[in-house]
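To start, the structure itself, in structure tokens.
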Amino acid sequence: MDAGVHRIVFLGPPGAGKGTQAGALAKELGIPHLSTGDILRAAVAAGTLLGREARGFMDAGRLVPDALVLKMLAERLAAPDARSGYLLDGFPRTIPQAEALEEVAPSEIVVSFEIPSHVLVARLSQRRICPKCSTVYNLETQPPRVAGRCDRDDMELIQRPDDRPEAVAVRLKVYTEQTAPLLDFYRRRGRLRPIDAAGTPAEVAARLHAALR
């Protein structure tokens, strides 16, 4: 992409590879790679005013309201490192969130990671995560050097409960019902750029760069 301000959103089902591609692209463009989950956890850990408000909902076992999440997002996007843009990974998830984001910082490009459900189930069943540093591995395509151990800190790798096939099916259903309508939302605005997310990370990265050009 050309130099300038880049406001990019990645959409796609769980396991489509958004996080892997987002980290590399954000570093290349010099913009922050953001997810609302990370922003929420950081605000809670820092004890900010919004973080304390969010913690009240979390401690009560309730979802943090969209309005509060968007306030935290707006605060984060106002930080100096986001002046050249941002890369939002997995947000917005619903039409109301997308409409609210338009008021805060409208996106320029929305990349849709498209991949068959059977490929996703196979991919996620092979995913393992380090419980200490959160490094993600795939036993088939990106295995650790030592079987079952993290390359960075030698911790035993785990499989998240929501990466099991039966849980993946539920996550895909939720995505289709709630998030897939966003594709039409952004298509109508001429911002949607779909890419084939099947294949190796290098293959997907090549398709991503072609779509951004």
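Data table
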{"item": "The chain - Rg (one decimal) and Dmax (whole number), Cα, Å", "result": "17.5, 48"}
{"item": "Pairwise Cα inverse-distance average, inverted: Kirkwood Rh of the stretch 24-114 (Å)", "result": "13.9 Å"}
{"item": "Convex hull (Cα only) mean projected area of the stretch 77-138, reported in nm² to one decimal", "result": "6.5 nm²"}
{"item": "Spin-label pair E140/R41, simplified geometry with 7 Å Cα→Cβ offset, distance in nm", "result": "2.7 nm"}
{"item": "Rg/Rh for the stretch 107-159, where both radii come from Cα atoms and Rh is the Kirkwood radius", "result": "1.12"}
{"item": "Relative contact order (%) - the chain, alpha-carbon pairs under 8 angstrom, separation at least six", "result": "27 percent"}
{"item": "Charge tally in the Cβ shell below 12 Å around A22, where Lys, Arg are +1 and Asp, Glu are -1, A22 excluded", "result": "-1"}
{"item": "Reachable lysines, given that their alpha-carbon falls under 26 Å from the alpha-carbon of K132 and they are not under 8 places away in the same chain", "result": "K18, K27"}
{"item": "For K71, K173, order by how many other beta-carbon atoms lie within 10 Å, fewest first", "result": "K173, K71"}
{"item": "Local electrostatic count, F113, Cβ distance below 10 Å [Lys/Arg +1, Asp/Glu -1]", "result": "0"}
{"item": "Within the stretch 37-60, backbone nitrogen closer than 15 Å to the virtual label 7 Å beyond the Cα of A78 toward Cβ", "result": "48-51"}
{"item": "Contour minus Cα-Cα distance for D162 and A147 (0.36 nm per residue)", "result": "3.2 nm"}
{"item": "Highest average packing first - 33-43, 13-23, 112-122, Cβ atoms within 10 Å", "result": "13-23, 33-43, 112-122"}
{"item": "Residues V146, V204, sorted so that the one with the fewest Cβ neighbours within 10 Å comes first", "result": "V146, V204"}
{"item": "Normalised contact order of the stretch 1-72, rounded percent, pairs of Cα under 8 Å and 6 or more residues apart", "result": "19 percent"}
{"item": "Mean separation of Cα contacts under 8 Å (6+ apart) over length of the stretch 37-115, as relative contact order %", "result": "21 percent"}
{"item": "DSSP beta bridge pairing in the chain, given as percent antiparallel to the nearest 5", "result": "25 percent"}
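We did not get these values from a lab; they are worked out from the coordinates using the rules stated. Please read all numbers here as calculations on a predicted model, not as lab measurements. Glycine gets a Cβ as well: all are built from the backbone with ideal geometry, and neighbour counts include every protein chain shown.
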